[in-house]
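First the structure, in the form of structure tokens, and then the observations on it.
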Amino acid sequence: MPVLEKIEVPRPEGKKVVAYRFTFQPPGRGDFTLLVESPPVWMEDEKHFIHDICRVVIHVETQKGWDLVHGRDDQFTAAPLTRPYGLRPGTVFQTQVHERGTGANASHLVEIERFNATPPKALPPDEHITLALKTNADGVATCTLPDPGWWAITATRQFPLGRKPETRERDGKSYPVIERVTLWVPVDDKIPLKPAE
């Protein structure tokens, strides 16, 4: 596990935000999956905790291993069914959400948003910012990535009847821990070309 370095990143409006940086040197060719897991974070407005796991695939020359399912046996996780790199705008993308260790299938909410490094001056209505859909009975979500840039495809764990989320104490009260898994996917702007051999 790389050592995390806490840094401050300047924002366009002059503020600085806390971020974490690490260096990863791939040991060879192939596809390498990086998973970053946060501890549960308290969300004051929603009155619950959020537990996030983020996944990104680092591609090094050889297409091998991008579709593997990673995580602990009891973990809520997602794996791409579409190769998560080398994508053009308008690509149809699929991911599969896994409820590992439960033996139960449930429909999960999946939200798709494009990352904007600089906040836009004007925003469209919420329904044009975040695409929301549900997985099918096999846990598969299908969406289109219409523009270049980095896309966050986030599934939220939905519990079937009779099962409840984990809870955590805050100020003497018990609150739910909402589990989310995000797959970060880049869509290329300009396709790099090389001379034909």
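The values are calculated or read from the model by the stated rules, or taken from the named source; none is laboratory data. Since this is a predicted model, take the numbers as computed values, not measurements. Reconstructed Cβ throughout: ideal geometry from the backbone, glycine too, with neighbour counts over all protein chains shown.
Does GLU127 satisfy the criteria of being without any contact (Cβ under 8 Å) to a residue 24 or more places away in the chain, more than 12 Å from the chain's Cα centre (by Cα) and loosely packed, with under 11 Cβ neighbours inside 10 Å? Even if it seems obvious, please write down each step before you answer.
Numbers: without any contact (Cβ under 8 Å) to a residue 24 or more places away in the chain: yes; more than 12 Å from the chain's Cα centre (by Cα): yes; loosely packed, with under 11 Cβ neighbours inside 10 Å: yes.
Yes; evaluated as a whole, the condition is true for this residue.
Restricting segment 72-109 to residues that are polar (S, T, N, Q) and assigned to a strand (DSSP E or B) leaves a set whose member that is modelled with the lowest pLDDT is THR77. Only residues that are without any contact (Cβ under 8 Å) to a residue 40 or more places away in the chain, out of contact with any Leu (no Cβ under 9 Å at 6 or more places or on another chain) and under 17 Å from VAL181 (Cβ atoms): list them for segment 44-96, please. Result: TRP66, LEU68, VAL69, ARG72, ASP73, ASP74, GLN75, THR82.
Residues considered: VAL69, VAL3. Of these, the only one that is in contact with a strand residue (DSSP E or B) (Cβ under 9 Å, 6 or more places away or on another chain), part of a loop (DSSP other than H, G, I, E, B) and at pLDDT below 90 is VAL69.
Consider ASP31 carefully, then state whether it is part of a loop (DSSP other than H, G, I, E, B), of a type in the set (Asp, Glu) and either surrounded by 11 or more Cβ atoms within 10 Å (Cβ to Cβ) or modelled with pLDDT of 95 or more (or both). Write out each step before concluding.
Details: part of a loop (DSSP other than H, G, I, E, B): no; of a type in the set (Asp, Glu): yes; either surrounded by 11 or more Cβ atoms within 10 Å (Cβ to Cβ) or modelled with pLDDT of 95 or more (or both): yes.
Considered against the rule, which asks whether it is part of a loop (DSSP other than H, G, I, E, B), of a type in the set (Asp, Glu) and either surrounded by 11 or more Cβ atoms within 10 Å (Cβ to Cβ) or modelled with pLDDT of 95 or more (or both), ASP31 comes out as no.
Scanning segment 143-173 for residues that are polar (S, T, N, Q) and at pLDDT 95 or above returns THR144, THR154.
Counting the residues of segment 110-142 that are closer than 30 Å to PRO10 by Cβ, assigned to a loop (DSSP other than H, G, I, E, B), β-branched (Val, Ile, Thr) and at pLDDT 90 or above gives 1.
For segment 34-54, a tally of residues being acidic (Asp, Glu), in a loop (DSSP other than H, G, I, E, B) and either surrounded by 14 or more Cβ atoms within 10 Å (Cβ to Cβ) or touching a helix residue (DSSP H, G or I) at 6+ places or on another chain (Cβ under 9 Å) (or both) returns 0.
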